[in-house]
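Beneath this line is the structure, given in structure tokens, with notes to follow.
The values are calculated or read from the model by the stated rules, or taken from the named source; none is laboratory data. All values reported here derive from a predicted model rather than from experimental measurement. A quick note on method: Cβ atoms are made from the backbone with ideal geometry, for glycine too, and the neighbour counts reach across all protein chains shown. All accessible areas refer to the heavy atoms of the entire protein, side chains included, with ligands and DNA or RNA removed. Shrake-Rupley method; radii C 1.70, N 1.55, O 1.52, S 1.80 Å.
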Amino acid sequence: NEWVGPMSRSRTQSLEAAERILRTACGPRLRLGFPLAPLTSFRLGGPAALYVEAESDADLAAVAEALDSTGIPWTVIGKGSNLLVSDRGFSGLVIRLGKGFRWAARNGEELLAGGSMPLPAMSGVALTHSLSGLEFGVAIPASLGGAVRMNAGAHHHSMEEVLRSIDVYSLPQAMRSVLAADEADFAYRHSSLPEGSIVVGATVRLRAGRQEDIRREMEAARSWRRATQPLAEPNCGSVFKNPPGDHAARLVEAAGAKALSVGGASVSEKHANFIVARSGATAEDVHRLIGMVQDAVEQRFGVNLETEVQRVGDFDLASL
């Protein structure tokens, strides 16, 4: 992550110091050499040197203390549906919000929820209360926190349309605060939240609707996803952002890149903006294939496709 505290020790000493702080505060919620692959939809990548499943603001305060004292690198993961973790893993601290941040409550036509609440489950809560506006979220396999941070969207809708406020925990300041949605400077698959902050909750403003209409729209979103995406194979969702006025999938296919593969990674036959990982695939295979697809599209159309997938850990820069 971009924000780090002072790095005054060697990496090993720093990790050991962070481990002591976190072990005292978090106990068994801290894990060493924790495998990250099972936490991602790609099912690829190595372990985290340190991993903590935070259940409360007190756990996050301990994380803030450990980072400030040691300056080790850190990152936050949610449902892991848009992550590519390096085969070497991550040589710092990985933070994931646990069940203590998985909750939802209704306040009139608003829904409040914790950062680890799955977006499809939150859409289901909206349905239960006959609240419309979050139907698009049923087909997005993200946590609320991840969906807010990346301004996730589908079917011509995105999170910025419904967000009223965002609860963030600032690690540099070791405190929680609430931001109005317009303070996040949302753009396509982007937000500008305070540096070093974690989305621990959010409030969405919806509208009253008929359950049968809401349910029909949600089922249409699910059906579209089943029909157009390679759900039976490990993938990370859309690999590339759509460039203005165009679609990444169209560019990939028109550039002839749909036939590309590296090792066990290949561009999906079902959707050209998806990469699937077959048996024996490595994260480096996927990483190299991303670069090959970008090169093919740039050479054919002069368009530099930006990645939507987030990389965690170190990759071979020479392969891009």
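Could you please tell me which pairs satisfy a Cβ distance under 7 Å, a separation of 6+ or placement on different chains, a first residue in the range 201-215 that is assigned to a strand (DSSP E or B), and a second residue that is open to solvent by 50 Å² or more (accessible area, probe 1.4 Å)?
Listed by first residue and then by second, the contacts come to G201/L112; T203/L112; T203/R164; V204/R164; R205/E109; R205/R164; R207/E109; A208/E109.
With the requirement that a residue be within 30 Å of A139 (Cα to Cα) and open to solvent by less than 10 Å² (accessible area, probe 1.4 Å), what does the range 60-89 give you?
Result: L60, W74, G80, L84, V85, S86, G89.
One residue is enough: does the range 226-237 have a residue meeting the conditions touching a helix residue (DSSP H, G or I) at 6+ places or on another chain (Cβ under 6 Å) and either modelled with pLDDT of 95 or more or not in a strand (DSSP E or B) (or both)?
no
Give the residue, chosen from S261, S197, S192, that is over 30 Å from A62 (Cα atoms), among the polar types (S, T, N, Q) and without any contact (Cβ under 8 Å) to a residue 40 or more places away in the chain.
S261
I'm trying to understand the selection: among the residues of the range 107-149, which are of a type in the set (V, I, T), out of contact with any helix residue (DSSP H, G or I) (no Cβ under 7 Å at 6 or more places or on another chain) and either touching a residue at least 12 places away in the same chain (Cβ under 8 Å) or buried (at least 22 other Cβ atoms within 10 Å of the Cβ) (or both)?
V125
Looking at the range 120-146 only, could you name the residues that are within 19 Å of the chain's Cα centre (by Cα), hydroxyl-bearing (S, T, Y) and in a helix (DSSP H, G or I)?
S123
Give me a count of the residues in the range 280-310 that are free of Cβ contacts under 8 Å to residues at least 40 places away in the same chain and under 16 Å from G237 (Cβ atoms).
Matching residues across the range 280-310 total 1.
Could you tell me whether any residue of the range 272-279 is in contact (Cβ under 8 Å) with a residue 40 or more places away in the chain, assigned to a helix (DSSP H, G or I) and either among the polar types (S, T, N, Q) or more than 26 Å from V76 (Cβ to Cβ) (or both)?
Scanning the range 272-279, I find no residue that is in contact (Cβ under 8 Å) with a residue 40 or more places away in the chain, assigned to a helix (DSSP H, G or I) and either among the polar types (S, T, N, Q) or more than 26 Å from V76 (Cβ to Cβ) (or both), so the answer is no.
Out of everything in the range 280-303 that is more than 22 Å from the chain's Cα centre (by Cα) and not in a helix (DSSP H, G or I), what residue ends up being farthest from R43 (Cα to Cα)?
Among residues in the range 280-303 that are more than 22 Å from the chain's Cα centre (by Cα) and not in a helix (DSSP H, G or I), the one farthest from R43 (Cα to Cα) is G302.
Which of the following residues is assigned to a strand (DSSP E or B) and not hydroxyl-bearing (S, T, Y): V52, V63?
None of the other options fit; the residue is V52.
Which of the residues belonging to the range 23-53 are polar (S, T, N, Q) and open to solvent by less than 60 Å² (accessible area, probe 1.4 Å)?
Matches in the range 23-53: T40, S41.
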